[in-house]
Every structure is written in structure tokens, then in C-alpha cells.
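Accompanying notes for the structure given below.
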């Protein structure tokens with residue numbers, strides 16, 4: 001049985017000493033906490049790992065998430081959440097009634113700390129755009145990243161780039177993306193191994209890409225808040241004994257080891273490309289870029305060709321871009337379509 005509750009019915013504000021947006025009437029909760037971290041995000045029963053995974057990634061940049069809430073009237077339970085969809089920012093108005101279970105806790109996405117509500121509020125806002133919570137099931141992590149940042153999406157199929165794996169350029173590309181501040185996630189869509197407790201068709205967040213002291217290590221997080229990798233360089237794995245102290249410090253090993261649970265884990269590059277086959281990259285752009293949006297088309301009838309998995313893909317509206325003079329810029333094309341990708 002599901003019942004709709006306000007934050008004052010399922011939050012415990014006494015647990016939080018520091019918060020942003022404190023309410024005064026509803027038993028009160030915080031919208032955000034000051035020291036936001038990726039482990040704040042916990043996926044619920046809904047199969048929207050692609051969205052919760054994106055929230056996990058963006059949570060590493062608290063300001064980027066806080067800017068998405070354009071208006072918050074916690075006293076009366078009213079929020080305006082700004083999301084990027086089909087080439088423009090859209091303000092979505094939602095209330096703070098959240099579906100909860102028999103235990104009184106949210107049944108879908110929630111914050112790890114039981115005094116914050118930004119996760120269920122943002123999830124509800126996106127659900128409103130999709131016509132309801134059911135519309136959130138299945139999607140691409142890049143859809144969530146673009147909605148939260150307005151960035152440029154790029155998907156990398158690791159196993160189609162064998163040459164780049166062998167010569168090291170694939171690793172160098174991920175290191176470059178991370179150092180430039182681009183956001184990344186990953187998934188295993190069935191062509192990679194699912195050993196070591198890695199879930200297939202499930203979106204993970206890439207929190208860090210470390211190339212230090214001869215070690216190539218990534219830090220990932222499962223939006224479930226549990227289900228960590230159990231292979232090499234996992235928690236308490238003996239491989240860590242061979243890692244120098246300065247390298248451990250550089251990757252944040254001590255802080256990670258001292259905080260049990262949360263779903264985050266380390267994995268070496270060799271194991272990563274053996275267990276994941278897709279990397280989602282969301283490139284963030286600054287205001288110096290110019291954007292042009294073309295809306296004079298529709299996906300309807302014969303022009304609804306579907307994604308490139310279908311022979312009818314070529315029926316989709318198409319546009320030819322011509323660069324008339326030499327330029328150092330790199331054109332990016334944003335396709336305004338929603339793919340059904342990772343279900344869990």
C-alpha cells in the first residue's frame with residue numbers, strides 16, 4: 001500500500017545540524033544539506049537508475065544541483081524545478097507530497113540522510129514531465145545528465161573501440177574528460193562480464209578517474225546505495241596492500257575505507273573495461289558557446305523512424321550541416337530523443 005506523505009511525516013530534521021532551505025510548518029526538513037555528496041542519493045523501487053545515477057554524478061557539484069531549484073517554499077510545500085528538455089530549460093512546479101510505503105519512508109528515490117528531500121522532489125519533477133512515475137522506468141543516464149546540466153551528451157561503446165583499448169588512448173580520453181570536469185556514467189548492456197557483483201542493464205556513476213603512480217583506477221557508485229564491486233581493489237581486497245601510501249591518499253582511499261556502505265567502490269581500468277561496455281559522457285559547456293535549436297520538424301507517422309536499432313531510422317527528420325570556413329571549433333549535434341536503455 002502506498003500513501004502520499006509530506007516531508008514532515010517522513011523526515012527527521014533533528015538529525016541534521018546544517019541544511020539549506022529549512023521549513024517551519026510541516027514538521028520541517030531541509031531541501032539540501034550543506035555538505036552534499038554522491039552517497040546522498042538512494043534509488044527506490046522504481047527502475048530509474050539512469051536518473052538516480054545522473055543525480056549521483058551531479059551531486060558531486062552541489063551548486064549545479066541547487067541551481068536547478070528556482071523556487072522553494074518549504075513552508076507550504078511548493079517547488080519550481082528547472083530541467084533541460086528538448087533544447088530548452090523548463091520550470092516544473094511540484095508539491096511535496098511523496099509516495100511512501102508502510103514503513104513511512106519514500107518508496108522511490110530518497111536522500112540517505114533522513115532530513116533532506118531534494119532527491120524525491122527532483123524525481124517527482126521529472127516524473128511530471130514524463131506523465132507520471134511510470135514514465136521514468138528505463139532510460140539513458142545521459143538523458144538524466146542533460147536534464148540536470150544542459151550539457152552535450154556522448155555515448156562511448158568501449159568494445160567497439162578495441163584499437164583505442166589496446167593503445168591506451170581510450171583510458172587517456174576518460175582521464176581527459178574527468179580533468180576537464182565533464183560528467184560520466186557507465187553501464188553493462190550484456191556484452192561484458194557480470195561477475196564481481198556488477199549488475200547488467202544498470203547505470204553506475206563514475207565519480208573519479210585516477211591515473212597516479214602507475215595505477216589506473218576509477219571510483220564508481222551504484223545508485224542503489226549498495227551492491228559494490230567484489231573483485232580486485234574492492235573493499236578490504238588484498239590488492240590494496242601493494243598500493244603506496246601516497247597513491248592511496250591521492251585517490252581518497254582512507255576516507256572511502258572508513259565509510260562503510262553507500263555503494264561506492266574502486267575498480268582498476270582492466271577490470272572496468274571487462275565488466276562495462278558503455279560510458280556515458282555529458283560535456284559541460286560555458287556561455288561562450290553558441291547554440292541553435294531547430295524545431296521545424298516532428299516525429300510522426302512516416303517520420304517516426306525510431307532509434308538506429310531499426311531499419312526505419314533513416315526516416316527521421318534530417319539536417320545537413322555545412323561548415324563554410326576553417327574553424328577550430330568542434331560542432332556538436334544534440335538529438336532530442338529519449339532512448340529506453342537501462343531498466344534497473
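General observations
- Failed criterion for residue 63 (all others in (1) at negative phi; (2) touching a residue at least 40 places away in the same chain (Cβ under 8 Å) hold): (2)
- Count of residues meeting criterion [without any contact (Cβ under 8 Å) to a residue 24 or more places away in the chain and under 19 Å from residue 56 (Cα atoms)] in the range 225-252: 0
- Hits in the range 212-232 - residues which are in contact with a strand residue (DSSP E or B) (Cβ under 8 Å, 6 or more places away or on another chain) and under 25 Å from residue 247 (Cα atoms): 215, 216, 217, 218, 219, 220, 221, 222, 228, 229, 231, 232
- Conditions (1) assigned to a loop (DSSP other than H, G, I, E, B); (2) under 16 Å from the mean Cα position of the chain (by Cα); number of the one not met by residue 198: (2)
- Restricting attention to the range 176-204, the residues that are crowded, with 16+ Cβ neighbours inside 10 Å and touching a strand residue (DSSP E or B) at 6+ places or on another chain (Cβ under 7 Å) total 12.
- All conditions but one from (1) assigned by TED's automatic domain parsing to the domain that holds residue 257; (2) under 20 Å from the mean Cα position of the chain (by Cα) apply to residue 145; the one that does not is (1).
Table: residues versus (1) within 13 Å of residue 122 (Cβ to Cβ); (2) modelled with pLDDT of 85 or more.
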{"position": "16", "(1), (2)": "no, no"}
{"position": "45", "(1), (2)": "no, yes"}
{"position": "56", "(1), (2)": "yes, yes"}
{"position": "60", "(1), (2)": "no, yes"}
{"position": "78", "(1), (2)": "no, yes"}
{"position": "82", "(1), (2)": "yes, yes"}
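- When the range 108-131 is filtered for residues that are surrounded by fewer than 20 Cβ atoms within 10 Å (Cβ to Cβ) and modelled with pLDDT of 95 or more, only 128 remains.
- In this entry, residue 31 is excluded by the filter for residues that are part of a helix (DSSP H, G or I) and more than 22 Å from residue 256 (Cβ to Cβ).
The values are calculated or read from the model by the stated rules, or taken from the named source; none is laboratory data. Since we're looking at a predicted model, the values are computed, not measured. With ideal geometry, Cβ positions are generated from the backbone for all residues, glycine too; neighbour counts draw on all protein chains shown.
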